[in-house]
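The values are calculated or read from the model by the stated rules, or taken from the named source; none is laboratory data. As the structure is a computational prediction, the values presented were derived from the model and not from experiment. All Cβ positions, glycine included, derive from the backbone under ideal geometry; neighbour counts span all protein chains shown.
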Amino acid sequence: MTNFNLNFKKKITSDKIFKLAATLAGTYVLVIVVLMAFQLMSESYPIWEKEGLSFITKTDWNAVEDRESFGVLPYILGTLTTSAIAMMIGVPLSIGIAMFISDAPPKIGVPLGFLVELLAAVPSVIYGLWGLFVFRIYFRDWIETPLHNAFGDNIWLFSGNPYGLDILTASVILAIMIIPTVSAVSREIMKAVPQQQKEAAYMLGATKWEMFKLAIFPYSKTGLIGASILGLGRAVGETMAVTMLIGNSTGLGAIPSSLFGPSQTMSSVIANEFVEASPASVHMPALIGVGLVLLLIAIVINVVAHLLVTRMLKIKEGAINN
Amino acid sequence: MTTLTIKPISMESSILSESPSTVDTKYKMIAENVTVSYGGIDAVKNVTMKFKEKSITALIGPSGCGKTTFLRCLNRMHDMTKNAKVTGKVMIDDVDLYSKEIDPIYHRRKVGMVFQKPNPFPTMSIYDNVTAGLRLNGIRDKKILDEIVEDSLKMAYLWDEVKTNLKKPAIELSGGQQQRLCIARALAIQPEVLLMDEPASALDPIATQKIEETIIELKNDYTIIIVTHNMQQAIRVSDYTGFMYLGDLIEFRETTKLFTDPKNELTSKYVKGHFG
Amino acid sequence: MNSIQQKRQEYRSLFKQNVAKRLLVDKSVRVIVFSCVVIAIIPLGSILFEVFKNGLAAISIEFLTQTPGAVGSGEGGIGPAIQGTLIIIGLASLLGVPIGVMSGIFLSEYGDNAFARFVRFFNDVFMEFPSIILGIFAFLVIVLFLGHFSVWAGAFALSLIMFPIIARTTEESLKMVPVTYREAGTALGLKKWVITFRIVLSAAKSGMITGILLSVSRIGGETAPLIITILGSSQFFSSMDTPMDALPLRIWRLSLLPYDSAQLQGWGAALVLIIIILGINLGVKYYFMNKKSGLFESIIKQRRNITK
């Protein structure tokens, strides 16, 4: 009798320990996030103290002692500009790819999908290397220079002599980098459209493209927007490839003025300047402040994206239960 | 005058039992030697059926007998299914749907389909659902669209219930109403043949009754082929019935004759409820 | 009767003879959509081609084992970088894999409540944090605290990238194991942790290993967090408290130099890195595809037997 009771107790204890360990592991991410928020805020405090909220609106970037003045606006604009252009190029391509693969027979669809996903396996720094020594040359000579020569005088977008290390080059590489994410998620969303919807369209005598317009796009609109915003989130956080291609100007010079002009993003300025900044000055807190702003923007974008994607999948379930 | 086969019709060529009348029997649709296989397994085996104009034909049989698979051949729905191979001919008005020369969408307009579960386009209104097929065919004139919408919804016995608010989203309708909307949507493209795959199986008894009444009314203008697992429904609604089993067409006769005096033992067992 | 027929005919006559045009539009869309795929794959092809073409010229035993020579001299190699990458991946895995797996177990086996949903949400959001920020965090809590660059900081930063991914893939792999496995274990009177580790985990093994290896290949290419935690170096690893080199760092630094010889070394380093990363990726996909196809094929075969 006693033996039985002891064993019973032991069993409960070891399971309890296991549950505790698992729960602690689950809590780890919460702890890290809280700690991170706290650290970023407290270590960047000096810059907020010095500049206040105008840190977000100023365009200075001066690390010289006694004349220190920092403002993160140029880099916010740089991030938003490159990401926006990346989306304008990358999202339509991704949706086209998703359309093709979601409808292709598996023999073709699976290998192609695999190849597109392989794009995601290439490290950012190698995108940068290739962009710097290969892509940039062709891009500058075949696309940027002709555009500049044709429209440079009239359209401010194309002014500025193109050297290849500029917003446009960085944005195009960024577009390539977000394609795997956006197309993979879009593909899943398109596949989630119920077969009966597609059949209804075909029954009416629709061509494949018309079937997409009738059955797939209206149904998956929300999810596709979510997928695009997911891509935006990726683009915003990208560092290395952008750093290597964007020209790395600072302060006023970093405000996007033309497609062929240099700029800098929040992540690239941190990567470029962090090791050089002395913790004694306000420079490092300024960079940490940039990091804080970047983090907030990234979080908002990703939360919105996740909500849109999951909402679309919930609608699908609701429609079936109707 | 009556020629009946007792063995599965796939083994011999079949001849519909003809009633002793002088009415010129015109066949709207003829399916000849249709075989459907999925990855090596035959779901429909060499089935031949002829559908008289303006008649209702019911296809019955136990689950898995191939009746829905066969139905879907009649408007080339299997083009969408991966791995499906279809051989044989399906003729509408003497034109083979499966001929290589003509793209199927020319002919899919002639054949409307209503599916087992109501599947209106969820993001569209009632009006837009009905006009979906019309807009594909280039009709933009609002007056004409309005006219056809009213006509189709009336035929589907839905007009009175929705005429006050056609812009309402289609998914706000009840199940039975949605199914009638799907019927209206299929009718809007002015088909000549209507295919129905267990159209009432997802509906409650009252909605089912309404659908059946609609189907009987439609017979006056359309050739209808309806798959059903409900034998009483087949009896209530159809003129001819085909009984399928494991991919073969076992028997195909006038409904009353098939149910009261089946010539094939298998048919007899099925209609008596010995299996199914 | 006739008037109804007439009406139908009239309506039908209104259909535009536009089928040919519609088929043309459809064909054009197919072409456009296919060219999107081609446009996406061209960069992949170009990158792989250029890395192999340019990098091969740099590869030699010396290149793979020596320390870098004088800047711009073209001598020396990337030995420390290769060593550094292997070390940092190993340490990061040590920190990230156990946490990730246990997190995944938590989400899967104890995950049916509001707190777990909360954790899952945070996990998903955290996965998308820019890696440079994770680097800053590691810098603040370790480098600043210790007063010098530290290999631990780099490993910690990379582990923060790894563990949410591993938690996700572990959770999904565990969830794919049928409930019946766990029920059988309970029926045998086994403790829950025994069931989880002995039975469920072994059934989910291939999925979990895939997730772990893919996250390893992901951090192998990470640069940004390493810049501010281990800094990079021209020497082989000496201690945990000194800067260390890694392949992505070396590639970046080499790309900044204006010398052709540096460029060549950069391609060489990129080649080594790509081989490691693609090796893991392709290896995993092959292994997983073969296992997966076995399982899926049998399911598909079963479904086919129930044809209508």
Checklist entry - Taking the range A:28-46, which residues are more than 7 Å from chain C (Cβ to nearest Cβ), of a type in the set (Ser, Thr, Tyr) and surrounded by 13 or more Cβ atoms within 10 Å (Cβ to Cβ)? => result A:Ser44, A:Tyr45
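Tell me which helices (runs of 4 or more DSSP H) are completely within the range C:1-76 and hold 1 or more residues being within 14 Å of chain B (Cβ to nearest Cβ) and among the charged types (D, E, K, R), or say none if there are none. Quick ask: steps written out before the conclusion?
Numbers: elements: C:2-14, C:19-56, C:61-65.
Counting at least 1 such residues, we get C:2-14, C:19-56.
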Checklist outcome for this item: Scanning the range B:137-153 residue by residue, the ones that are more than 13 Å from B:Ala186 (Cα to Cα) and surrounded by 14 or more Cβ atoms within 10 Å (Cβ to Cβ) total 6
Checklist entry - Out of the range A:265-276, which residues are crowded, with 21+ Cβ neighbours inside 10 Å and either part of a helix (DSSP H, G or I) or more than 13 Å from chain C (Cβ to nearest Cβ) (or both)? => result A:Met266, A:Ser267, A:Ser268, A:Val269, A:Ile270, A:Ala271
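So, in the range B:97-110, exactly how many residues are of a type in the set (A, V, I, L, M, F, W, C) and at the interface with chain A (Cβ under 8 Å from one of its Cβ atoms)?
Taking the range B:97-110 and keeping what is of a type in the set (A, V, I, L, M, F, W, C), we get B:97, B:102, B:105.
Checking which are at the interface with chain A (Cβ under 8 Å from one of its Cβ atoms) leaves us with B:105.
Here the count works out to 1.
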Checklist outcome for this item: Filtering the range A:55-82 for residues that are polar (S, T, N, Q), buried (at least 20 other Cβ atoms within 10 Å of the Cβ) and touching a Gly at 6+ places or on another chain (Cβ under 9 Å) leaves a count of 0
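Residues B:Thr260, B:Thr164: which one is surrounded by fewer than 19 Cβ atoms within 10 Å (Cβ to Cβ), hydroxyl-bearing (Ser, Thr, Tyr) and under 25 Å from B:Leu145 (Cβ atoms)? Give the derivation first.
Values: B:Thr260 fails: under 25 Å from B:Leu145 (Cβ atoms).
On inspection, the qualifying residue turns out to be B:Thr164.
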Item to check | Matching residues, the range B:120-143, being in a helix (DSSP H, G or I) and under 20 Å from A:Gly205 (Cα atoms) | outcome: B:Ile126, B:Tyr127, B:Asp128, B:Asn129, B:Val130, B:Thr131, B:Ala132, B:Gly133, B:Leu134, B:Arg135, B:Leu136
Checklist entry - Do you know which of the residues in the range C:103-139 that are buried (at least 19 other Cβ atoms within 10 Å of the Cβ) and hydroxyl-bearing (Ser, Thr, Tyr) is nearest to the chain's Cα centre (by Cα)? => result C:Ser131
Next on the checklist: Among the residues of the range C:148-156, are any touching a residue at least 40 places away in the same chain (Cβ under 8 Å) and within 23 Å of C:Arg120 (Cα to Cα)?
Outcome noted: yes
Checklist entry - Any idea which residue in the range A:50-94 is modelled with the highest pLDDT, counting only those that are closer than 20 Å to A:Leu292 by Cβ, acidic (Asp, Glu) and in a loop (DSSP other than H, G, I, E, B)? => result A:Asp60
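How many residues are within 13 Å of chain C (Cβ to nearest Cβ) and crowded, with 19+ Cβ neighbours inside 10 Å when one looks only at the range B:111-129? Walk me through how you get there before you give the answer.
In the first step, residues of the range B:111-129 are kept if they are within 13 Å of chain C (Cβ to nearest Cβ); the result is B:112, B:116.
Next, from what is left, pick out any that are crowded, with 19+ Cβ neighbours inside 10 Å: B:112.
Going through the range B:111-129 one residue at a time, the tally reaches 1.
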Item to check | Residue in the range A:185-208 that is facing chain C (nearest Cβ under 10 Å) and acidic (Asp, Glu) present | outcome: no
Checklist entry - Can you tell me which residue in the range A:73-113 is farthest from A:Leu287 (Cα to Cα), limited to those that are within 7 Å of chain C (Cβ to nearest Cβ) and free of Cβ contacts under 8 Å to residues at least 24 places away in the same chain? => result A:Phe100
Next on the checklist: For the range B:234-253, give me each residue that is surrounded by 17 or more Cβ atoms within 10 Å (Cβ to Cβ) and closer than 16 Å to B:Ser55 by Cβ.
Outcome noted: B:Ala234, B:Ile235, B:Val237, B:Ser238, B:Tyr240, B:Thr241, B:Gly242, B:Phe252, B:Arg253
Next on the checklist: Which condition from (1) under 20 Å from the mean Cα position of the chain (by Cα); (2) within 10 Å of another protein chain (Cβ to nearest Cβ) is the one that A:Pro279 breaks?
Outcome noted: (1)
Item to check | Out of A:Thr181, A:Thr222, sole residue that is within 14 Å of another protein chain (Cβ to nearest Cβ) and either surrounded by 24 or more Cβ atoms within 10 Å (Cβ to Cβ) or over 13 Å from A:Ile95 (Cβ atoms) (or both) | outcome: A:Thr222
Checklist entry - Filtering the range B:187-225 down to residues that are of a type in the set (Gly, Ala, Ser) and within 14 Å of chain C (Cβ to nearest Cβ), which residue is farthest from B:Tyr127 (Cα to Cα)? => result B:Ser201
Next on the checklist: I'd like to know if the range C:125-136 contains one or more residues that are in contact (Cβ under 8 Å) with a residue 60 or more places away in the chain, of a type in the set (Val, Ile, Thr) and part of a helix (DSSP H, G or I).
Outcome noted: yes
Checklist entry - How do the pairs read when you match residues in the range A:192-209 that are farther than 17 Å from B:Leu195 by Cα with residues anywhere that are at pLDDT 90 or above and of a type in the set (Phe, Trp, Tyr), using Cβ under 6 Å and keeping only pairs 6 or more apart or on different chains? => result A:Val193/A:Tyr219
Item to check | Members of the range B:99-132 that are modelled with pLDDT under 90 and either among the hydrophobic types (A, V, I, L, M, F, W, C) or more than 18 Å from the chain's Cα centre (by Cα) (or both) | outcome: B:Ser99, B:Lys100, B:Glu101, B:Ile102, B:Asp103, B:Ile105, B:Tyr106
